Amino acid sequence: MNLLKATGTIGGLTLASRVLGLVRDSLFARYVGAGFASDAFLIAFRLPNMFRALFAEGAFASAFIPMFNQKVGDPDGRGLPDGLRFAEEALAVLLPTLIVLTIVLEVLAWPVTLLLSGGFNGISPEQFAFAVTLSRFTIPYLMLISLVSLFGGLLNSLHKFWVNAAAPILLNLTLIVAVVGFHSADPLVTARNQAIAVSVSGALQLVWLAWACRQNGVSLKLRAPRLNPDVRKLMALIWPAAAGAGAAQINLVISTALAATLLSHGSVTYIYMADRLNQLPLGLIGIGLGTVLLPTISRQLGSGQVEAAQETQNRGMELALLLTLPATVALVLCGEPIAAALFGYGRFSATDTHFTAQALAAFSIGLPSYILVKVLTPGFYARQDTKTPVRYATISMVVNLVGNLVLIVPLQHMGPPLATAIASTVNVAMLYRTLRLRGHFTPDARLRHRAPRLALAALAMGAVLWAGQGLLMPYVHGGWALRIGALAVLVSAGVVVYGIATLVMGAFTRADIALLTRRRPAAPTPNPSNNT
């Protein structure tokens, strides 16, 4: 399995999407700023974002991919045709369910908005009605992105990882076009146009994935819904997997609602912008690793290669720590120049930038745990155990709620992000301990040797960046060229210092990278003549 290459492909495309997302957010900050209009849009965008994380990047893939791979790899079955028939049966039940859900949410948009926002903080009935309208514009995205996850799961199982990883780029391009081409002097109008663009982007993503499936010989026919044993098993696995895979997103929804209820206008925007920066390494590392590890471990366990599955998960954790620890240190220590360079102009004030950097530091404390969840949960899902992750996710949500209530008043906009980080760390600790006790994961000698050295190398990098970031501050408030140049210098310096530190401390070598690039067996090639 070429773990590094596959993760790099997905991570690279996801990175491109996240970079475009930062461009989108920078433009949004410029034209809308931090206030009620931005908070109202971000509340309306929160529910679709959560469904994207739960289904497109979490629950559906976690439940569907192992079952699909079992159908394809069953020596007593017909291989890929059986897998595609199962996909059609899943679609037959999923589509009407999503249509009904979308209609219900459109009707209940008022209470849904109230739940997500807590009624905001001191707004008029007209302002709340505006927020409800934005929610109604974004709700169709839930159905569209869930269907995208079905086609994306099929392509991932056939090792066509890049197609699904490229789909979110369409979301960001659509929102960029909307904010550049349809912005207004009134931030409320700009926010409304952004909400409309969200659902437009969902339709574009669905067309892209459906076309890609057809190009790869996969064509699904609509069937009458039928709850056969396979579909019932899939449904039983999806819902606990949703909570297990989306604990961080659910925690973020809780944090956002409390911030909208208890804090001043703009606080939701500070938390959102900080989360977007925090999501950049998560998208590059965590989603790529999770996408590759689940089908890989599923296939290895399905063919009885238990030791190979352990090796894959060890190398996945090692790669996660290699890339995550320096990102964590950099975001915690250098949030101010990063936030200033990306958001600090137009309607987004210097105070808004400072508060965003504070929220980013709190979020980033939990960055390793956000990514390690993606590494550890495949160890459960590959064995079709979705109940354990959901139990731990529920506990972490309780920890998050308590942390929010305790921290939000004294720490203001830093309280919810810090509570989310603590809750995610608790979740990872429980997942790790259970895998160890069951004998499903044992850190090998190489991982035990490398992990502390990687941490020391990241701290050494942080010390250098902390000492030198003051030199860059005058440039992050200049024009776009100066801003991008300052960020490029900051990132380059971090990469060079961290690379040297890992080599000096023996944390990582070229020989280690070679071990991550072993070739995997070829994926099954779909035959159009066998499609059902």
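The values are calculated or read from the model by the stated rules, or taken from the named source; none is laboratory data. All values derive from a computational prediction rather than experimental measurement. So basically every Cβ, Gly included, is an ideal-geometry build from the backbone, and we count neighbours across all protein chains shown.
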- Note on the structure: Considering residues that are under 18 Å from F45 (Cα atoms) and either without any contact (Cβ under 8 Å) to a residue 12 or more places away in the chain or touching a helix residue (DSSP H, G or I) at 6+ places or on another chain (Cβ under 6 Å) (or both), the number found within segment 161-181 is 11
- Residue pairs qualifying under the 6 Å Cβ cut-off, at least six apart or on distinct chains, with the first in segment 90-104 being closer than 13 Å to S149 by Cβ and touching a residue at least 12 places away in the same chain (Cβ under 8 Å) and the second being in a helix (DSSP H, G or I) and of a type in the set (G, A, S), are L98/S146
- Test L175 against the stated conditions and say whether it is under 25 Å from A129 (Cα atoms) and crowded, with 21+ Cβ neighbours inside 10 Å. yes
- Residue check, V200 at pLDDT 80 or above, assigned to a helix (DSSP H, G or I), surrounded by fewer than 21 Cβ atoms within 10 Å (Cβ to Cβ) and in contact with a Ser or Thr (Cβ under 6 Å, 6 or more places away or on another chain): yes
- Query: Can you name the condition, by its number, that Q313 falls short on among (1) surrounded by 22 or more Cβ atoms within 10 Å (Cβ to Cβ); (2) within 24 Å of W162 (Cβ to Cβ); (3) at pLDDT 80 or above?
  - Reply: (3)
- If you go through segment 344-366 one residue at a time, how many are farther than 13 Å from I271 by Cα and more than 19 Å from the chain's Cα centre (by Cα)? 8
- Message: Criterion first (modelled with pLDDT under 80, crowded, with 20+ Cβ neighbours inside 10 Å and over 21 Å from R18 (Cα atoms)) does I250 satisfy it?
- Response: no
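If you check A185, A166, which single one turns out to be in a helix (DSSP H, G or I), among the aliphatic types (A, V, I, L, M) and at pLDDT below 90?
None of the others qualify; the one that does is A166.
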- Message: Any residue that is within 26 Å of I271 (Cβ to Cβ), among the aliphatic types (A, V, I, L, M) and more than 24 Å from the chain's Cα centre (by Cα) - is there at least one of those in segment 97-108?
- Response: yes
- Would it be correct to say that F380 is of a type outside the set (G, A, S), modelled with pLDDT of 85 or more and either surrounded by 23 or more Cβ atoms within 10 Å (Cβ to Cβ) or touching a Phe, Trp or Tyr at 6+ places or on another chain (Cβ under 8 Å) (or both)? no
- Restricting attention to segment 106-131, which residues are within 15 Å of P48 (Cα to Cα) and buried (at least 18 other Cβ atoms within 10 Å of the Cβ)? A109, V112, T113, L116, S117, A131
- Message: I'd like to know if segment 33-47 contains one or more residues that are in a helix (DSSP H, G or I), within 18 Å of K160 (Cα to Cα) and modelled with pLDDT of 70 or more.
- Response: no
- Query: Any idea which residue in segment 344-362 is nearest to A419 (Cα to Cα), counting only those that are surrounded by fewer than 23 Cβ atoms within 10 Å (Cβ to Cβ) and polar (S, T, N, Q)?
  - Reply: Q358
